[in-house]
DNA sequence: CACTAGGCTATACACGTGTTCAAACCGTGC
DNA sequence: GCACGGTTTGAACACGTGTATAGCCTAGTG
């Protein structure tokens with residue numbers, strides 16, 4: 001398509017891929033070699049390593065948003081795997097995972113985005129009668145998003161061992177298949193037999209000034 | 001109590017604390033300085049940096065097990081915060097979090113332990129009539145554990161910025177309070193209005209050879 | 001008291017990192 | 001034909017890392 005992408009673009013692409021494979025913190029010289037370019041040129045174009053990371057962040061956020069990438073609370077892996085099969089998107093998914101793992105400003109941004117997306121999906125489901133309404137839809141969407149992303153992150157291979165982008169779709173798929181049965185159950189039949197705990201909690205929370213009950217942890 | 005702990009012990013303690021604060025990958029010389037000891041001595045006693053990490057892993061696993069540290073699925077932060085207030089345990093909790101974040105063999109071991117603990121708690125709850133039984137108790141316990149640990153991990157401050165061990169209990173507590181309402185709701189009133197999706201999934205999964213339904217992701 | 005073994009330190013080494021810099025290269029317009 | 005501005009390179013620098021080595025100082029022992 002594009003006969004010869006500019007070096008600056010090649011660098012960004014190579015960086016995204018390298019960082020996805022080896023984790024953020026991969027040496028600059030490695031991405032330079034991937035891009036078929038000298039190490040100094042990266043600095044010349046992006047100013048510093050950190051700037052390059054920021055550029056990758058912007059790129060990942062853009063690609064994430066325009067691909068309407070949503071994690072979905074339940075079968076988080078399912079849609080990710082579906083998307084990761086498209087050759088082009090595997091690196092950004094890997095980079096997003098690594099960025100979530102490493103923290104930073106983008107991480108918060110991403111979970112906010114995902115939570116917002118999840119919220120509208122949940123509302124659609126509620127309108128369609130598939131999903132029960134919530135006392136606090138935003139909080140519920142955020143909690144579900146965090147749990148989905150978090151459990152995925154927990155399963156992510158360690159940073160040291162590089163993750164194979166070609167096997168990433170299969171890996172995501174197997175992960176989601178292993179988990180979808182139990183979470184589907186959790187979402188279908190409630191964990192707790194009654195709502196007494198929830199009632200007690202919200203009662204205590206609304207009656208006290210702002211504090212929640214102190215010593216009582218959720219039993220499950 | 002112990003008038004002067006041996007240098008080897010001081011090193012291990014300092015390492016656990018430093019790694020918890022700055023993340024694994026903190027320089028050896030930093031833990032050396034914390035222990036009031038030269039850098040070479042660490043090598044002399046533990047052989048290499050990696051060996052020291054393994055020693056920390058053993059120590060953390062031991063402390064975790066003998067303190068009956070359980071994350072609990074729902075208010076994961078609650079009990080952790082309670083435990084973190086005990087001066088002695090804050091470093092190991094921090095180290096465990098960092099180790100979960102970094103991956104490695106211990107990470108798997110820890111989630112296995114936590115899942116096993118969660119399983120017995122869930123079974124006790126089921127016996128007491130507080131918790132609904134599951135089609136697959138092990139899988140459910142594991143899923144709940146992964147979600148709890150994962151969402152906690154997602155909220156963990158970035159590796160670069162050190163985490164303040166003295167504020168760790170407060171941080172864990174605020175985290176758990178922010179999340180316990182929505183997860184309590186999720187565990188009380190089911191997300192899905194009926195069990196048709198779960199039924200369809202288990203039907204498809206048991207009828208096909210081993211595969212689960214391919215294109216259908218969970219709607220939430 | 002001499003001597004030795006081992007905890008312990010300080011220095012040095014090898015290596016990989018990000019970054020800088022001067023020079024070479026290349027296309028373009030005068 | 002030629003100077004010029006941007007691109008690109010390769011070598012070099014400064015620094016922080018883990019680790020090896022050689023020595024010191026103390027305690028215990030004959």
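General remarks:
- Any helices (runs of 4 or more DSSP H) falling wholly within segment A:4-69 and containing at least 2 residues that are within 9 Å of DNA strand C (Cβ to nearest atom), surrounded by 17 or more Cβ atoms within 10 Å (Cβ to Cβ) and more than 14 Å from chain B (Cβ to nearest Cβ): A:28-34, A:39-46
- Some residue of segment B:135-149 being away from every other protein chain (no Cβ under 12 Å) and over 28 Å from residue B:206 (Cβ atoms): no
- Matching residues in segment B:114-131 - criterion: being over 28 Å from residue B:19 (Cβ atoms) and in contact with a helix residue (DSSP H, G or I) (Cβ under 7 Å, 6 or more places away or on another chain): B:119, B:122, B:123, B:131
Residue-wise test of (1) surrounded by fewer than 22 Cβ atoms within 10 Å (Cβ to Cβ); (2) more than 13 Å from the chain's Cα centre (by Cα); (3) closer than 21 Å to residue B:184 by Cα.
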position	(1), (2), (3)
A:122	no, yes, yes
A:127	yes, yes, no
A:130	yes, yes, yes
A:137	yes, yes, yes
A:140	no, yes, yes
A:146	no, no, yes
A:161	yes, yes, no
A:164	yes, yes, no
A:172	no, no, no
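- Which numbered condition residue B:118 misses (of (1) within 10 Å of chain A (Cβ to nearest Cβ); (2) more than 24 Å from residue A:115 (Cβ to Cβ); (3) surrounded by fewer than 20 Cβ atoms within 10 Å (Cβ to Cβ)): (3)
- Selection count, segment B:159-201, where residues are more than 7 Å from every other protein chain (Cβ to nearest Cβ) and either under 22 Å from residue B:23 (Cβ atoms) or assigned to a helix (DSSP H, G or I) (or both): 21
FYI, it's all coordinate maths here, none of it is from the lab. Only a predicted model underlies this, so the values are computations on that prediction, with no experimental measurement involved. Quick reminder, even Gly has a Cβ in these numbers, built from the backbone with ideal geometry, and neighbours come from all protein chains shown.
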